[in-house]
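Shown next, in structure tokens, is the structure this report addresses.
The values are calculated or read from the model by the stated rules, or taken from the named source; none is laboratory data. Being a predicted model, the structure only gives us computed values, none of them experimental. Cβ sites come from the backbone with ideal geometry, for glycine too, and all protein chains shown count toward neighbours. Quick note on the areas: whole protein, heavy atoms, side chains included, nothing else; ligands and nucleic acids left out. Shrake-Rupley method; radii C 1.70, N 1.55, O 1.52, S 1.80 Å.
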Amino acid sequence: MGKEKYLRLGEMLIREGLVNETQLEQAITTQNQEGGRLGEVLVRLNIVTEEQLVTALGKQLNIPYFSIGTGMLKPAADQGLDRLIPHDFAIKNSVLALSRTLKSLTIAMFDPLDFILIDNLRKMTGCEINTVIATRADISKAIEEFYGKSAMLNAAVKASYEGGVEEEAIPLETAGMQEELSLDKLIARAEEAPVVKLVDLIIRQAIDERASDIHIEPFKDRISLRYRIDGKLFEIPPPARHLHMALVSRVKILAKLDIAEKRLPQDGAIMVKIEDRPIDIRVSTIPTIYGEKAVLRLLDRTSVVLDLKLLGFEPKQLEHLHKAIYSPYGLVFLTGPTGSGKTTTLYAILSEIKSPSKNIMTVEDPVEYKLEGINQVQVKPEIGLTFAAALRSFLRQDPDVMLVGEVRDLETAQICIRSALTGHLVLSTLHTNDAPSAVARLMDIGIETYMLAPSLLLIVGQRLLRKICPDCKEAYEPTKEILKNIKLKSDLVYRPKGCPKCNNLGYRGRLCISEVMPINQEIQTMINQKASFQKIKDAARANGMQTLHESALKKVEEGLTSLEEALSITIGEE
């Protein structure tokens with residue numbers, strides 16, 4: 001098939017009404033700066049979804065569109081397709097052989113305009129290539145099922161129980177009396193092929209399952225292996241107990257930690273690349289009474305949405321947020337518990353306001369994502385580089401905007417507030433349950449109200465809710481008893497069911513719910529008068545602030561999440 005048969009991709013998408021000229025120019029500019037194919041860039045910028053892209057391509061090129069939900073992305077058995085196209089090549093290039101007839105091979109591809117890849121497939125297989133089109137996510141899932149990655153992990157776990165001397169867990173209090181493995185033996189066991197393979201498969205499976213964390217925990221007679229997916233922990237069949245020390249040692253070697261030190265907590269990092277996606281893994285180990293527990297936090301930079309408009313804020317909330325972040329000076333706080341998406345929102349704000357005319361500096365612990373055009377500093381308390389020390393140096397660096405990863409103490413809070421009062425825009429986070437209680441928290445730290453009131457611009461409280469899977473959600477009518485205590489504008493809501501696309505969990509991905517509290521003159525006066533948290537909250541609501549509870553119920557009404565999920569996250573907020 002010759003190239004002259006095809007329209008250019010941008011023209012196709014404009015013709016289909018999926019992008020406009022401005023969006024296409026933005027994507028081409030990004031492509032020129034960062035490389036990659038135009039379709040991938042459009043998906044990465046959230047201008048189109050993968051499904052919209054492949055549906056439009058399939059329609060324009062007259063190529064069939066296959067999806068995993070229809071069962072069409074299932075390779076034929078007994079045709080040796082796994083040997084024809086190796087697993088690594090299939091993963092790297094996002095292709096899957098579906099069937100073979102004489103010298104003709106049907107291949108599922110994300111990008112059927114990649115003629116170089118089609119030519120390579122022709123040479124590799126000795127067959128003429130017929131293409132069908134599918135999303136990268138569906139192809140990845142189908143590859144996993146066909147080549148048996150999950151099966152590989154299960155087989156490796158099963159093999160760990162066969163042979164091997166069971167390692168009895170020794171409580172920490174008596175561990176010093178026992179003879180420990182020498183360092184050489186520990187390294188040798190960690191580098192054994194089954195252990196290396198197990199750790200690789202555990203990490204790979206977690207990435208494919210969209211997990212944010214991996215927990216490897218020792219107990220008296222077993223290991224617990226858990227993945228956190230969309231904020232919830234799920235148990236995975238664990239390896240045998242005798243491999244615990246070797247598994248943790250392998251993780252520590254990868255993270256460049258001291259494997260001989262098992263009495264103190266340690267932190268490190270691993271960098272891996274999966275299909276050209278850079279994944280940062282933060283590793284934390286801590287001694288428990290039955291041995292070291294390891295937690296691996298997975299940070300997939302390509303999956304993070306750094307666009308305020310796509311994070312879930314309501315139009316009125318965005319209006320207040322834009323007014324604050326484009327102010328020349330003042331203090332903006334994001335509040336919420338650990339894991340509520342505060343850092344992602346802060347990075348989205350920086351992406352929105354960064355420009356060559358602004359000097360933006362951040363101090364973080366740790367620096368989660370590297371942002372182009374922004375000066376980021378990692379704190380190192382062991383050498384005296386604390387939040388406060390970095391901020392004092394920032395003031396000599398002619399900054400316009402300063403981001404402080406977290407306000408933890410009086411000194412940091414004071415420098416933030418003085419900076420906000422002397423012509424700088426300061427962005428930071430606080431650990432509080434909602435926006436109004438941030439004022440009380442800052443007073444508790446020791447900030448004087450006469451400094452706090454004029455420096456504050458805006459406080460945002462946020463949480464993350466699991467998004468209900470759009471492919472299997474089902475509508476139902478809640479009972480009158482439930483509706484009696486909840487104000488819903490719609491009597492019809494959705495509940496999760498479970499399908500292959502969401503791993504039968506009923507949820508896929510997360511969205512942000514928030515309350516945005518601008519600090520107007522009335523609230524400034526109340527802060528100066530040391531008004532109670534409840535009075536400040538009542539005043540904010542009277543001025544139109546939507547609470548976290550109300551924000552969650554709105555997402556329920558829009559069919560984006562379930563009633564159960566909304567209430568489980570915001571219980572006690574009202």
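Adding -39500 (n - 2.57) for every DSSP H run of four residues or longer, then dividing by how many residues the chain holds, sets the calculated 222 nm ellipticity at -11500 deg cm²/dmol. Residue by residue through region 277-288, which ³J(HN,Hα) values in whole Hz follow from phi under the Karplus form 6.51 cos²θ - 1.76 cosθ + 1.60 (θ = phi - 60°), with glycine and proline marked x? These are the phi-based 3J(HN,Hα) values: 9, x, 10, 8, 10, 8, 10, 10, 10, 8, x, 10 Hz. For region 368-382, 3J(HN,Hα) computed residue by residue from phi via the Karplus equation (6.51, -1.76, 1.60; θ = phi - 60°) reads 6, 9, 8, 10, 5, x, 10, 7, 10, 10, 9, 5, 9, x, 5 Hz, glycine and proline entered as x.
Convex hull volume of the Cα atoms of region 397-512, normalised per residue: 181 Å³. The GluC sites (Glu not before Pro) found in region 255-337 that occupy coil by DSSP, while having at most 14 further C-beta atoms within 10 Å, are Glu261, Glu275.
Three semi-axes describe the equivalent ellipsoid of region 455-574; taken as square roots of 5 times the Cα gyration tensor eigenvalues and ordered largest first, they are 34, 16, 10 Å. Only beta bridges with both residues in the chain are counted; by DSSP, about 65 percent of them are antiparallel.
Of all lysines in the structure, the ones whose alpha carbon falls short of 21 Å from that of Lys484, not counting any fewer than 8 places away in one chain, are Lys554, Lys555. Near Lys59: Cβ cut-off under 12 Å, other residues only, Lys/Arg at +1 and Asp/Glu at -1. The net charge is 0. Annotation: amide H-H contacts under 5 Å for Thr362 (H modelled 1.01 Å from N, sequence separation of 5 or more, or interchain): Asn375, Gln376, Val377, Leu403.
Write down the Kirkwood hydrodynamic radius of region 374-413, to one decimal in angstroms, obtained as one divided by the mean of 1/r over all alpha carbon pairs. Kirkwood radius, region 374-413: 10.8 Å. Per residue, the accessible area of the chain comes to 49 Å² when a 1.4 Å probe rolls over the protein heavy atoms. With θ taken as phi - 60° and the Karplus curve 6.51 cos²θ - 1.76 cosθ + 1.60 applied, the whole-hertz 3J(HN,Hα) list for region 137-143 is 5, 5, 5, 4, 5, 5, 4 Hz, x standing for glycine and proline. Taking trypsin sites (Lys or Arg not before Pro) across region 376-420, the ones in a DSSP loop with at most 14 further Cβ atoms lying within 10 angstrom of their Cβ are Arg396. The amide H of Leu430, built 1.01 Å from its N in the peptide plane, has Leu334, Thr335, Gly336 as neighbours under 5 Å, considering only residues 5 or more places off or on other chains. Across region 335-448, Cα-Cα distances exceeding 16 Å account for 59% of all pairs. Dipole orientation for the chain: of the candidates Gly58, Gln534, Leu371, Gly58 has the Cα lying most toward the positive pole (charges on Cβ; Lys, Arg +1; Asp, Glu -1). Entry note, region 33-156: relative contact order of 26 percent, from Cα contacts under 8 Å with a spacing of 6+ residues. Give, as a single signed number, the net charge of other residues whose beta carbon lies under 13 Å from the beta carbon of Thr285, with Lys and Arg counted +1 and Asp and Glu -1. Computed value for this residue: +3. Plainly put, region 218-333 has a radius of gyration that is 1.14 times its Kirkwood radius, both from alpha-carbon atoms, as the Rg/Rh ratio. Find how many whole Å separate the alpha carbon centroid of region 236-282 from the alpha carbon centroid of region 381-444. Taking the Cα centre of each part, region 381-444 and region 236-282 sit 33 Å apart. Backbone amide hydrogens, once placed in the peptide plane, bring Glu261 within less than 5 Å of nothing, excluding anything fewer than 5 places away on its chain. If you take the Cα centroid of region 462-499 and the Cα centroid of region 88-142, the two points sit 40 Å apart. Only Cα pairs under 8 Å and 6+ residues apart enter the sum, and on that basis the relative contact order of region 477-574 stands at 31 percent. When the listed pairs Lys74/Lys342; Lys256/Lys370; Lys158/Lys342; Lys273/Lys316; Lys273/Lys501; Lys323/Lys497 are checked against a 30 Å cut-off, the alpha-carbon distance exceeds it for Lys74/Lys342; Lys158/Lys342; Lys273/Lys316; Lys323/Lys497. Apolar share of the accessible surface for region 203-334: 56 percent from carbon plus sulfur atoms, 1.4 Å probe.
Relative contact order of the chain, taken over Cα pairs closer than 8 Å and 6 or more residues apart, is 9 percent.
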